[in-house]
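Some notes on the structure that comes next.
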4 protein chains.
Amino acid sequence: MAKTINVGMVGYKFMGKAHSNAWRQVAVFYDPPFVPVLKAICGRNEKGVKEAKEKYGWESYETSWKDLIKRDDIDIVDINTPNSSHAEIAIAAAEAGKHVFLEKPMAMNLKEAKAMAQAVKRAGVKHMVGFNYRKFPALAYAKELIERGKIGRVYHFRSMYLQDWIVDPDFALVWRLDKTTAGTGAIGDLGAHIIDMAQFLIGDISSITATTETFIRERAIPEESGGLSAKGGTKRGKVTVDDAFVALARFKNGALGTFECTRFAIGHKNWGFFEINGSKGSMRFNLERSNELEYLSADEGDEQGFKTILVTNSTHPFMSAWWPPGHMLGWEHSHTIQVYHLLDSIGKDRLPEPSFFDGAKNQAVLEAIEKSSQDGKWHDIEEVKF
Amino acid sequence: MAKTINVGMVGYKFMGKAHSNAWRQVAVFYDPPFVPVLKAICGRNEKGVKEAKEKYGWESYETSWKDLIKRDDIDIVDINTPNSSHAEIAIAAAEAGKHVFLEKPMAMNLKEAKAMAQAVKRAGVKHMVGFNYRKFPALAYAKELIERGKIGRVYHFRSMYLQDWIVDPDFALVWRLDKTTAGTGAIGDLGAHIIDMAQFLIGDISSITATTETFIRERAIPEESGGLSAKGGTKRGKVTVDDAFVALARFKNGALGTFECTRFAIGHKNWGFFEINGSKGSMRFNLERSNELEYLSADEGDEQGFKTILVTNSTHPFMSAWWPPGHMLGWEHSHTIQVYHLLDSIGKDRLPEPSFFDGAKNQAVLEAIEKSSQDGKWHDIEEVKF
Amino acid sequence: MAKTINVGMVGYKFMGKAHSNAWRQVAVFYDPPFVPVLKAICGRNEKGVKEAKEKYGWESYETSWKDLIKRDDIDIVDINTPNSSHAEIAIAAAEAGKHVFLEKPMAMNLKEAKAMAQAVKRAGVKHMVGFNYRKFPALAYAKELIERGKIGRVYHFRSMYLQDWIVDPDFALVWRLDKTTAGTGAIGDLGAHIIDMAQFLIGDISSITATTETFIRERAIPEESGGLSAKGGTKRGKVTVDDAFVALARFKNGALGTFECTRFAIGHKNWGFFEINGSKGSMRFNLERSNELEYLSADEGDEQGFKTILVTNSTHPFMSAWWPPGHMLGWEHSHTIQVYHLLDSIGKDRLPEPSFFDGAKNQAVLEAIEKSSQDGKWHDIEEVKF
Amino acid sequence: MAKTINVGMVGYKFMGKAHSNAWRQVAVFYDPPFVPVLKAICGRNEKGVKEAKEKYGWESYETSWKDLIKRDDIDIVDINTPNSSHAEIAIAAAEAGKHVFLEKPMAMNLKEAKAMAQAVKRAGVKHMVGFNYRKFPALAYAKELIERGKIGRVYHFRSMYLQDWIVDPDFALVWRLDKTTAGTGAIGDLGAHIIDMAQFLIGDISSITATTETFIRERAIPEESGGLSAKGGTKRGKVTVDDAFVALARFKNGALGTFECTRFAIGHKNWGFFEINGSKGSMRFNLERSNELEYLSADEGDEQGFKTILVTNSTHPFMSAWWPPGHMLGWEHSHTIQVYHLLDSIGKDRLPEPSFFDGAKNQAVLEAIEKSSQDGKWHDIEEVKF
């Protein structure tokens, strides 16, 4: 009989739905060392959280995260609230001895992130930041190919994360457009993801220069606070975060990097893209075709060309749990794989990846982007070690 | 409090896993009129079915389908056994007053299919054949566009379903390569799907000519019977089904059709593809990029071009239940949507689509393909009405 | 000082323009054994042919092809008139001792084609049919890869040649839609090309079944006879050729083939496409991206994928004469390369490819398509040997 | 009888070959007001220039450009020598009263470019810089769509020009890698092109920040100076130009821009790519598929998607002169169209585009890139007006 582990989750909207699904599905497809029990879901709005509890299959609910982390029957705290509350909840959860699984971006700033990393380290709990894209089989396979030397010395990493969900001027001023709650706009939401991919695949960034833009500076305030979208009312307010940023970077290994993130690229819904060019080969990936990895080997002479690898064989990373070759996974599967990785790491007493330490490194880059966008200069990335 | 409905499922391998998932997930994402209860799973191998029961979350198991359909606490019988047993189980289930959900292809031949269709009609139960591809949002959207007149008079339907899983001569002689159990090879497995797409999108086929080929005629017999693959032993046997077929067809509406299905198209894992050309526009779809639909409008003059529509908006068919735009669905989601459609149809007392009546029409085409591949002539498709 | 060779060309419209360009360009980019001299252009309409002479740089013109082939100063006769006149001119030219370069399709029927092949053989002249697509570097490279064993045993050849230039019902009844002048519609115009590609890459076809359709059966008769398009007048006439055909084939080497050609595939301008699947690999080509060849090797395990090879390296076939890698060639270049091949073959006293013998084999398939489209049966391809 | 105009060309290697072809072809396909006469070709190496004269069809040759521009029988001077000689020759040619057609990049620095622009203005001659990519029908069509309001307010311009021809460390130190002759590396060679596209399509750039890298800093010195490639000898020298640069920019109209140019992107031969995102739509273009333009309209709701427009209709810009729809143009055709534009502008007494004034604006951006790559700061682009 498999051992169980109890999960308490703070947050119940878009990400809460995705995480709930992951917790429910993981032990059906994988054999984790612990079968997760969806013990308690937590949110401030009782009606909302109660509905989510029913819909997503949680055993109980709480309306105060403090109550949740006090409970003895919670082993893992899963935090997917707005960014401004990440640090407080995560630190308290760690101090209460819970393993912590936190949605990205890690924090509002580097100072918070460092405090959080220190807290989990001190507490001796497991910790993971929700950079779920690392867990797409195609991306895990990209990492494998790199480790097998298929790229060689890296010359270029170019990346972009393009969306268009606020391109309509009538789109309301939701919490993600408000600096107080979200910290930043495209930087933390989209930039955090592609910088994580860069750090995962290429390594540390040493310096960066960036600029940001807010194309539409005033929007209607929503009548009701909410999730990803909301109906705007008659009052208007200032957009206080970036709609887009662009950045140039240098990696420690000598590679040049480019980063562009925007919510104003009409026609792109979730175009998270990177390309790597090295001495031995090149590769490309795009979230809108997340089952595919493109690879080109330098060694093929006149037969050289980018090939599209459908990363759905049972021998590809994480794939044996699912369907036959050519039977696609979706976005949600990366979340299921992510919690599998967390459970597996707890079982093996290993640090999950990406940990809070990785998350803090990520935050250091985000911080440098923000600073550079203010002074127009190159900024060295602060080294963070734990 | 939602009403429940009890499901009993016969078969527990590849398709059993996919169907189990669909039954478990459907009420988390949709609001069907009945919440399905995974009451009993059934398979002849007790050890196997018991494991599946645990893994996939069924309440009980049976080792005889006859016992299963006798149970009073079963409302829906879901049949995903090898093709040779479809007719017997489905007819018995219908006669026992159960709704029947049957994996494709419907039957071993048209005679069986007609008997099955008559049985469900007589019994007054709901019936559905598992042509899950109709339920991909992109395909449902294709249907919508056609109904809105975006194709006009249809000139061409060209289709292919390409796989490569038996291209290796050392691949063993699994049940799908055995006429006794599978009936046919590519015809029933792949052909049934694209013919269903054709019938769904274009309408009835009036006549067809076809030829088949078995490229590798002898293979090692597996040491243990099993699922999609198996280790071959030292004894060899004859492959008694087609590896591939190609066909030309005429539709009642005057369109020309081509169909090609093969398990020998190296590099294609699940390349289920069609293109339609009409007087008002063209469209293309490929299962390997199942979130996308390509469409071209004839009305755009010099701006004309095939466009790639990412069918993931909340306003696209079936999508509001899932994730934000650009967050992909996978193959399994078509199954979840399919059982949602079945539950919804039961709730509304409507015939699900595709029904056994549609399945019998499909079987009539498969039968004509088989006949034509023997005599090399064009065959009119037998009209089946219920 | 390079030797010269004198060319006389019959026909001066679309193909005459393309051939003129090829004759003018060939010695600038290649070093053929003979520099062609554009000696005389011939057409029945004096005004038109005179203008073409000036525009395309010919030294003189004739209004009767009989006069042209009588001239002593003509070494090569290039024929690109409507199909109905091919046989008479080609035979007469051969009998006059001229090398003959003939646009495809070779003839109105197999009987003519055989007579033509016998005539050039008897006369001992060089002969080539204008299947220019063989001369695209990407296609020549495809042939190279096949000869190096990169495909292995061939299982499938699937092909289509899709255009849409007559999809508008108001498009007039030009000569290409008239059986008397054109012989057939899509069969000879498009089918001849993809059958040539099949014969070039896969080998002989042994049997075929086909059907044709004429979607729009009546059109306005043009006020003036002309080239590719013309203004329709008030009188209407019957379209006497096929708008489209579809066919299934078996090759001598055991491969299955599909062929679909149509002028009613809205959105496709010149979509000449094939894919080959074999035991060692697969490849794809499309005229609308004629600088590219897609190839997949069976030997790459989890790294397997179709790759896009840009066939523009100086080491790719025919490419050293042109531009640096990545600098595209266009459609016209295949014609320039084709006449280079003819001149080179004359210089080396070798049979050009494809010769009239190849053209007659091609015609044998076209004839079988026509017959099958009448009786609905499979037809063996008549063996033609010279 | 068409009037003629006499051309003298300085330079006879890669670009000389392309320009010669353009001059020879232009009057065959277009009806320019003057038919160009290939009067004289000029180069320092007598043997080389003599061969080029024969091969490319020039009437005479010179070994000193000063002699060339002295000749009374020269109306247009076409300069495609290494960059370091552009200014001197162009100014002298203008002062001699010749129209000047100059390959890009215009000059070694902004000071030179301004002097050149003033010289041609003073002389009252026509002047054009060889940014031939503007003349691809697809790019001219992009401009048309923008002018018809199909993009709206521009938010983003992202661009890259990726090549890989020096990625091999054994590639020799050719003139293009030498600062003295080439001025810069990727900046002037590739950057000049995509900055021209940006200025053509989006408008003026107001400020820029950039960084450069030379990945391989030492290479073998060629035994013989030459063209694009050369055999390296035993002596080694320093690479004194950039292998790659990356840049961020702001346009006057408020758009953000990114630019990346490199010769180290293995697998890309001539990947000149841009994408524009605006309030009304998006578009993409890639030189490796130069007959295609991708466009997405914001107005299509759920039917929204990027479409691939094959820009080969006779009604697309510059296309009526060539072949039927779907019959591709190649790279060289942009040069032919470019000289057509020059001749047409001379005939109509209009300034050709891009003129030296445009070229100087381009040079101002290149200069800012160089400066920024030294000090890491944002630089305003110097306004240049004539």
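The values are calculated or read from the model by the stated rules, or taken from the named source; none is laboratory data. Note that this is a predicted model, so its numbers are computed, not measured. All Cβ positions, even for glycine, are placed from backbone atoms using ideal geometry, and neighbour counts span all protein chains on display.
Data table
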| item | result |
| --- | --- |
| Residue match in segment C:189-201 (condition: farther than 23 Å from C:ASN80 by Cα and touching a Lys or Arg at 6+ places or on another chain (Cβ under 7 Å)) | yes |
| Residues of segment B:123-171 that turn out to be among the small types (Gly, Ala, Ser), surrounded by 22 or more Cβ atoms within 10 Å (Cβ to Cβ), more than 12 Å from chain C (Cβ to nearest Cβ) and out of contact with any His (no Cβ under 9 Å at 6 or more places or on another chain), as a count | 1 |
| Segment C:239-275: number of residues that are closer than 15 Å to B:PHE215 by Cβ and touching a helix residue (DSSP H, G or I) at 6+ places or on another chain (Cβ under 7 Å) | 1 |
| Residue in segment D:162-173 that is in contact (Cβ under 8 Å) with a residue 12 or more places away in the chain and under 28 Å from D:ALA298 (Cβ atoms) present | no |
| Unmet criterion (only one of (1) under 21 Å from A:ILE205 (Cα atoms); (2) surrounded by fewer than 22 Cβ atoms within 10 Å (Cβ to Cβ); (3) of a type outside the set (D, E, K, R)) for A:THR180 | (1) |
| Any hit, segment A:291-299, residues being crowded, with 20+ Cβ neighbours inside 10 Å, of a type outside the set (D, E, K, R) and outside any strand (DSSP E or B) | yes |
| Qualifying residue in segment C:243-251 (condition: at pLDDT 95 or above and either within 12 Å of chain D (Cβ to nearest Cβ) or over 27 Å from B:VAL154 (Cα atoms) (or both)) | yes |
| Candidates A:SER372, A:SER290, A:SER345, filtered to the one that is within 14 Å of chain B (Cβ to nearest Cβ) and either closer than 30 Å to A:GLU112 by Cβ or in contact (Cβ under 8 Å) with a residue 60 or more places away in the chain (or both) | A:SER290 |
| Of all residues in segment D:355-386 being assigned to a loop (DSSP other than H, G, I, E, B) and out of contact with any Lys or Arg (no Cβ under 6 Å at 6 or more places or on another chain), the one that is nearest to D:ILE205 (Cα to Cα) | D:ILE381 |
| Filter result for the condition that a residue is of a type in the set (Val, Ile, Thr), in the same structural domain as D:THR81 (by TED's automatic domain parsing) and in contact with a helix residue (DSSP H, G or I) (Cβ under 8 Å, 6 or more places away or on another chain), over D:VAL167, D:VAL125 | D:VAL125 |
| Every pair of residues 6+ apart whose Cβ atoms lie under 7 Å, when the first sits in segment A:196-217 and is within 13 Å of chain D (Cβ to nearest Cβ) while the second is of a type in the set (Lys, Arg) and surrounded by fewer than 24 Cβ atoms within 10 Å (Cβ to Cβ) | A:SER206/A:ARG250; A:SER206/A:LYS252; A:SER207/A:ARG250; A:THR209/A:LYS377; A:ARG217/A:LYS238 |
| Qualifying residue in segment A:323-337 (condition: aromatic (Phe, Trp, Tyr), out of contact with any Leu (no Cβ under 7 Å at 6 or more places or on another chain) and either within 24 Å of B:ILE266 (Cβ to Cβ) or not in a helix (DSSP H, G or I) (or both)) | yes |
| Unique residue being among the β-branched types (Val, Ile, Thr) and in contact with a Ser or Thr (Cβ under 9 Å, 6 or more places away or on another chain) when the list is C:ILE41, C:ILE91, C:ILE5, C:ILE69 | C:ILE41 |
| Only listed residue being of a type outside the set (D, E, K, R), assigned to a loop (DSSP other than H, G, I, E, B) and in the same structural domain as D:TRP271 (by TED's automatic domain parsing), chosen from D:ILE195, D:ILE221, D:ILE208, D:ILE151 | D:ILE151 |
| Segment C:307-329, residues that are among the β-branched types (Val, Ile, Thr) and within 7 Å of another protein chain (Cβ to nearest Cβ) | C:THR308, C:ILE309, C:THR312, C:THR315 |
| Residue check, C:THR336 at the interface with another protein chain (Cβ under 7 Å from one of its Cβ atoms) and polar (S, T, N, Q) | no |
| Residue that is farthest from the other protein chains (Cβ to nearest Cβ), among those in segment C:293-306 that are of a type in the set (D, E, K, R) and more than 27 Å from the chain's Cα centre (by Cα) | C:ASP299 |
| Residue within segment B:261-275 that is of a type in the set (Ser, Thr, Tyr), within 14 Å of chain A (Cβ to nearest Cβ) and in a strand (DSSP E or B) present | yes |
| Every residue from segment B:186-208 that is over 14 Å from the mean Cα position of the chain (by Cα) and under 25 Å from B:SER290 (Cβ atoms) | B:LEU201, B:ILE202, B:GLY203, B:ILE205 |
| Flag for C:PRO352 being within 15 Å of C:PHE136 (Cα to Cα), away from chain D (no Cβ under 14 Å), modelled with pLDDT of 95 or more and outside any helix (DSSP H, G or I) | no |
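Residue-by-condition table, conditions (1) surrounded by fewer than 20 Cβ atoms within 10 Å (Cβ to Cβ); (2) without any contact (Cβ under 8 Å) to a residue 24 or more places away in the chain:
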| residue | (1), (2) |
| --- | --- |
| C:LYS252 | yes, no |
| C:GLY257 | no, no |
| C:ASN286 | yes, yes |
| C:PRO317 | yes, no |
| C:HIS341 | no, no |
